[in-house]
1. Can you give the relative contact order of segment A:3-292 as a percent, counting alpha carbon pairs under 8 Å and 6+ residues apart?
2. Counting other Cβ atoms within 10 Å, keep those with at most 11, restrict to DSSP loop, and tell me which GluC sites (Glu not before Pro) in segment A:241-281 are left.
3. Tell me the GluC sites (Glu not before Pro) within segment A:44-125 that lie in a loop according to DSSP and have at most 13 other beta-carbon atoms within 10 Å.
4. Show me, for segment B:41-48, the HN-Hα J-couplings you get by feeding each phi into the Karplus relation (A = 6.51, B = -1.76, C = 1.60, θ = phi - 60°), rounded to Hz, glycine and proline as x.
5. Among A:LEU97, A:LEU25, A:LEU198, which one shows the highest mean-square fluctuation when chain A is modelled as a Gaussian network with alpha-carbon springs under 10 Å?
6. Mind giving me the nanometre distance, one decimal, between the label points for A:VAL232 and A:TYR109, set 7 Å out from Cα along Cα→Cβ?
7. Return one number: the angle in degrees, 0 to 90 and rounded to the nearest 10, between the long axis of the Cα atoms of helix A:193-213 and the longest principal axis of the Cα atoms of chain A.
8. For A:TYR145 paired with B:GLU5, estimate the spin-label separation in nm (one decimal), with each label point 7 Å from Cα along the Cα-to-Cβ line.
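Any read-out appearing in this document is the output of simple, stated calculations on the displayed coordinates, not a laboratory observation. Only a predicted model underlies this, so the values are computations on that prediction, with no experimental measurement involved. Positions of Cβ are generated from backbone atoms using ideal geometry, with glycine treated the same way; all protein chains shown enter the neighbour counts.
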Amino acid sequence: MEIYRYRFFFFSGKGGAGKTTFSTLLALKLSEKFKTLVVSLDPAHSLSYILGKKIGEKPTKVTENLYALEVDIEGEMKNYLRKVKEEAKKVVSPLLLSEIEEQIELAYYSPGAFELAMIDVLFKVKESLSKEFKKVVFDTAPSGYTLRLVALPELLINWLDRLLSMRREALRYQRLSQLKEKKSLEEILSEDPVYRALTRRKKQYSSLRELLTGKDTLFGVVFNPQVLPIEVGKKTVEELESLGIPVKLLIANRFSDPSPLNSLFPDKAVIQVPPQEEEPVGIEKLKCLLHVIP
Amino acid sequence: MEFLEFLKLFFKGAVVDASTEKLEFKASLINDQFLTIILSDRLGIPNPLYYHTVELLPYFAENISRWEREIADRERFFSKLAGEFGEP
């Protein structure tokens, strides 16, 4: 398993399977050679706990080459919706404002909101930090819901294309109805907030697809040794692959013998993390485990 | 000269205004469709991307009262949509 050829790392698995621990361990390993960022999208923020250090909203230096970042997704959601509301205050007539504001507040509780906010964060991290950091490890993989959503990029992008062409048509009619000096349609489109937002979303969804399935990305699943967790893990792998996301690495966490995984997935790389007497919390204890990653 | 000015205004009123009104109406029909997409939940059709599409809502706000009247008669609204796009 040549881990250094990948740039982005995602780990999936049941809660408590050891995703955060392994992500941190891998980031520590990568940071021996490259400037590495480990990002937690987990509301529980276990990263601070494992690293034994308060990790902030900006990349926080942990060791020479290792930085960590904890994103508060709920905070991001509030921020985004506040911005939408501010925009509404500017463009909506005062008579309608309260209804529109109510409708915007509803978005916070709408199904899928958290997952979509996660997409926004992934995109933001990729756009703004992947230049500075050579390797980025995402501690929490997107949920099945998110994956199903982005696994259908053609559908999603076709849908956006349809909306873009609707918007173009509406603006064309509006332009034709004006008699005085006319801007060109292209000029109008480039200034139109709706057209711009839709274009941005389109870029975002395609970029996310690339981030999750591209050849620079390593997608791993963390397993635990009991029968049921193995079955659940197996299902996760199958589901990911049916969505077009190849699982390139299996983590046999707390396995004294990784052979059940080897026989279950004969052609996948397996990294075994043997059971530890003490929980590997803190940089020093994690360092003792570095040898498990080849 | 004044006569020519009146003549111009007459033709503008008779021909141009009528057609600009039609064009504006067409544009607002499309804007209604955007509202149908963003607020589809109100018609009983979930919008899994509501959190993302809500950022477009402010720009269609001026249509919202009319749109709400449109959807009040749900049966008529859906048959009108079906008429526009064809039965699914």
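1. 25 percent
2. A:GLU277, A:GLU278
3. Values: sites: A:GLU57, A:GLU64, A:GLU70, A:GLU74, A:GLU76, A:GLU86, A:GLU87, A:GLU99, A:GLU101, A:GLU102, A:GLU105, A:GLU115; in loops: A:GLU57, A:GLU64.
Taking segment A:44-125 and a limit of 13 other Cβ atoms within 10 Å, the loop GluC sites (Glu not before Pro) found are A:GLU57, A:GLU64.
4. 3, 5, 9, x, 10, x, 10, x
5. Comparing A:LEU97, A:LEU25, A:LEU198 in the GNM, the peak value goes to A:LEU97.
6. 2.9 nm
7. 20 degrees
8. 6.5 nm
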